[in-house]
Amino acid sequence: MISMTSDDLDDLNEVPRSDFVGILEGVFEHAPWVAEAAFSGRPYATIAALHETMMAAVRIAPHEQKLGFLRGHPELGNRLARAKGLTDESEAEQGSLGLDRLSDAEFERFERLNAGYRDKFGFPFIICVRRHTRDSILANFARRIDNDVDTEFATALAEIGFIARLRLNAKIDGPGKPNTDGALTTHVLDTLHGRAAAGVSIALYEIGASARGLLTTTTTNADGRTARPLISGEPLRIGTYELQFGIGAYFARGVSPSGSAAAALPFLDVVPIRFSIAEPEGHYHVPLLATPWSMTTYRGS
């Protein structure tokens, strides 16, 4: 295979068939025939066009070939599949959500869900792990088990499209990448003094059914914003989150309208805003407008 330092799209358009297929190995799980089919569509002007051509090859494949393709995907949180060895891509994706570090009770739960789904549909439950929290995956298990086979077949192929889009963007550099990334941002306004609130501590948590996980901490700058988005450069995982703003400490450093020192026990101390994300590729802006006694928020842009 030709060695390419960055797997550039221009180079991909020029390499022989065997190298083309080898470079795209892993974009579609155990399915080199997808890249084989896409080879004749060269040259590709954009990565999005390459992705669409590969997805079209999947869509027009005979049903039995598509069924075998679905069956080639690993189950989530499955010890046996992990012992046999996952692809590097699946290993990283499941590991990013801690599905390789489940407790015994969690493994048993996933095994029951996997078995029930497989028995009904004849192929494994497939979902783009990088677009979901663990709670969202479990909710999808519960919801999708009630679908008919045709609906789930189409849903599984759509999820593979999301998976492949992320893998292709990571593997190939070039113009026109499909949109895979979301962004979560915030800013804080001091509406008592009519200015940006600098130096407000912020903590972001993911809220799960049985636990909460701290994702990041930061502090607002002179513009009342954070130096970088709270989450960016990746999909926003579908799920529930909470931002905690240290408003009490911020106003304790200031002065009340009467000119006296801020109260030792402020009316608002740490202000939590709990919200849900449903659009992994969206921009969620969650600002806080606050005085020592009131606050408001909204989804901005």
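What follows draws every value from the coordinates through simple rules; no lab data is involved. Computed from a prediction, not measured in an experiment: that's the story for all the values here. Every residue, glycine among them, receives a Cβ derived from its backbone with ideal geometry; neighbour counts consider all protein chains shown.
Rg over Rh for the chain works out to 1.08, using Cα positions for both radii and the Kirkwood form for Rh. Proximity of backbone amide H atoms, modeled 1.01 Å from N, is registered between His187 and Val286, Leu288 at under 5 Å, excluding neighbours fewer than 5 places apart on the same chain. Relative to the Cα centre, the charge distribution of the range 182-296, modelled as +1 at Lys and Arg Cβ and -1 at Asp and Glu Cβ, gives a dipole magnitude of about 220 debye.
Each Cα pair under 8 Å and six or more residues apart adds its sequence gap; the mean of these over the residue count of the range 182-296 is a relative contact order of 35 percent.
Using the count of nearby Cβ atoms within 10 Å as a rough guide to exposure, how do Lys66, Lys120 rank from fewest to most?
By the 10 Å Cβ count, ascending, the order reads Lys120, Lys66.
Calculated FRET efficiency, Ala222 to Glu108, Cβ-Cβ distance, R0 = 41 Å: about 0.20 to the nearest 0.05. Between Gly41, Asn140, Thr240, the Cα set farthest toward the positive side of the dipole of the chain (charges on each charged residue's Cβ, about the Cα centre) is that of Thr240. Here the spin labels are modelled as points 7 Å beyond Cα on the Cα-Cβ line, and at Trp33 and Glu14 they lie 3.2 nm apart.
Based on Cα contacts under 8 Å between residues 6+ apart, the chain shows a relative contact order of 16 percent. Computing FRET efficiency as 1/(1 + (r/R0)^6) for Ala115 and Ile207, where r is the C-beta to C-beta distance and R0 is 25 Å, gives about 0.30. Amide H to amide H, with H built 1.01 Å from N, Ala196 comes under 5 Å of Asp190, counting only residues 5 or more places away or on other chains.
For the pair Phe275 and Leu214 in one chain, pulling the backbone fully straight at 0.36 nm per residue adds 20.5 nm over the alpha carbon distance.
The magnitude of the dipole of the chain, with charges of +1 and -1 set on the Cβ of Lys/Arg and Asp/Glu and taken from the Cα centre, is near 840 debye. Listed from fewest to most Cβ neighbours within 10 Å, the set Asp100, Asp11 follows the order Asp100, Asp11.
Using the Cβ-Cβ distance between Asn140 and Ser40 with R0 set to 41 Å, the FRET efficiency works out to roughly 0.70. Taking a sphere under 14 Å around the Cβ of Ala49 and counting the other residues whose Cβ falls inside, with K and R at +1 and D and E at -1, yields a net charge of +1. For the pair His285 and Ala196, label points projected 7 Å from Cα toward Cβ lie 1.3 nm apart.
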